[in-house]
Amino acid sequence: MLEKILPTQVASYETYEDPAEATLFPEEEALICDSVESRRREFTSGRYCARQALARLGYSVPQPVLQGRRGAPVWPRSVRGSITHCRGYRAAAVGSASEVASVGIDAEPNEPLPDGVLEVVALPEEQVMVKELLADAPEVHWDRMLFSAKESVYKTWYPLRRRPLEFEDALIDFDRVEGTFSVRLGSHVRGAQDFPREIAGRWITGNGLVVTAIALSVASGSSVDSGL
Ligand SMILES: CC(C)(COP(=O)(O)OP(=O)(O)OC[C@H]1O[C@@H](n2cnc3c(N)ncnc32)[C@H](O)[C@@H]1OP(=O)(O)O)[C@@H](O)C(=O)NCCC(=O)NCCS
């Protein structure tokens, strides 16, 4: 699914099962030595996806992907990338730093958000949009899609700015027909001044999931999409 919503400059790998052959480097193992089994599984499969995606980008020698500040994955110096995992899905996406400034991907089950969560993560205009989209296309849980898009925004933002970004800091607008969304960061957001004000992402559904992705290009200082 990811390949369909990422530009060709970004290599990705996704799996719907935990690969039996997935292993960790000792430095990675140390990061999850106290974790419960489900966390170990998602982390290990996420690293497997990361190495597969890196191989597709030309990094054929497997290497550890450690954790940086606030949990952001640490990629080879010349790589930008992102990891996601949820029930029944693990994925990673990477691009060359010479072309891609940042990548953010997120997958969620195509299920309604728990009661009360939409009100926390959505701005008032987003709540109206979600309501309208749910009426027009009820097969997609747009509340969950909105949440996913915001997680992708955060994963794109954080490695570049290394600052928190709150849910109310980004305004998402979905294009239901085009499979895209736009992101507008509030002008009050610290670090947003020299960040692209309009960011574009893409969304897709399938296999019981909603998946969102953003790839910011180096060249334009704004997002690239799979049309490029
Ligand atoms: C960190 C966060 C984005 C992870 O998203 P999630 O949907 O819970 O979980 P996912 O499985 O999709 O993603 C987890 C992966 O995100 C990556 N990640 C974690 N922190 C990150 C950060 N600060 N920056 C970039 N990527 C990060 C990691 O690779 C992690 O997997 P790993 O720990 O196995 O390496 C989320 O838990 C969070 O803290 N959100 C609050 C901030 C936010 O979303 N603000 C909204 C801004 S509009």
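Derivation of every value follows stated rules applied to the coordinates shown; laboratory data play no part. The structure displayed is predicted, hence computed values, not measured ones. For neighbour counting, all protein chains shown are included, and Cβ atoms are generated from backbone atoms with ideal geometry for every residue, glycine included.
About its Cα centre, the chain has a charge dipole of approximately 940 debye under the convention of +1 per Lys or Arg Cβ and -1 per Asp or Glu Cβ, with nothing else charged.
Ranked for footprinting exposure by Cβ neighbours inside 10 Å, fewest first, D194, D169 give D194, D169.
Pick out, in residue order, every one of the GluC sites (Glu not before Pro) in region 136-228 that is DSSP loop and has at most 10 other C-beta atoms within 10 Å; say none if there are none. Hits after loop and neighbour filter: E139. Comparing Cα centroids, region 68-143 and region 191-219 end up 8 angstrom apart.
GNM remark for the chain: springs join alpha carbons under 10 Å apart, and the peak mean-square fluctuation among I105, I32, I214 falls on I32.
If the elastic network links every pair of Cα atoms under 10 Å, which of G201, G71, G58 fluctuates the most in the Gaussian network model of the chain? Result: G71 has the largest fluctuation of those listed.
Count neighbours as other Cβ atoms within 10 Å of each site's Cβ, and list the GluC sites (Glu not before Pro) in region 1-62 that are DSSP loop with at most 10 such neighbours.
E17, E21
Per residue, the convex hull spanned by the alpha carbons of the chain comes to 122 Å³. Per-residue Cβ neighbour counts within 10 Å put C33, C49 in the sequence C33, C49, beginning with the fewest. Among V153, V210, V117, which one shows the highest mean-square fluctuation when the chain is modelled as a Gaussian network with alpha-carbon springs under 10 Å? So, out of V153, V210, V117, the one fluctuating most is V117.
Normalised by the number of residues in the chain, the mean separation of alpha-carbon contacts (under 8 Å, six or more apart) gives a relative contact order of 22 percent. Here's how it looks for Q67: its modeled amide H is under 5 Å from those of V74, which are all 5 or more places away or on a different chain. Residue-wise HN-Hα couplings along region 192-197, as the Karplus relation 6.51 cos²θ - 1.76 cosθ + 1.60 with θ = phi - 60° gives them from phi, are 7, 4, 9, 9, x, 6 Hz; Gly and Pro carry x. Filter the chymotrypsin sites (Phe, Trp or Tyr not before Pro) in region 1-52 to those in DSSP coil with at most 16 other Cβ atoms within 10 Å of their Cβ, and list the result. When the chymotrypsin sites (Phe, Trp or Tyr not before Pro) of region 1-52 are filtered for loop state and at most 16 Cβ neighbours within 10 Å, Y16 remain.
Residues whose amide H comes within less than 5 Å of that of L209, counting only those at least five positions distant or on another chain, are N110 (H built at 1.01 Å from N in the peptide plane). Neighbour counts of other Cβ atoms within 10 Å put S12, S152, S96 in the fewest-to-most order S96, S12, S152. Proximity of backbone amide H atoms, modeled 1.01 Å from N, is registered between S217 and A101, S222, S223, V224 at under 5 Å, excluding neighbours fewer than 5 places apart on the same chain.
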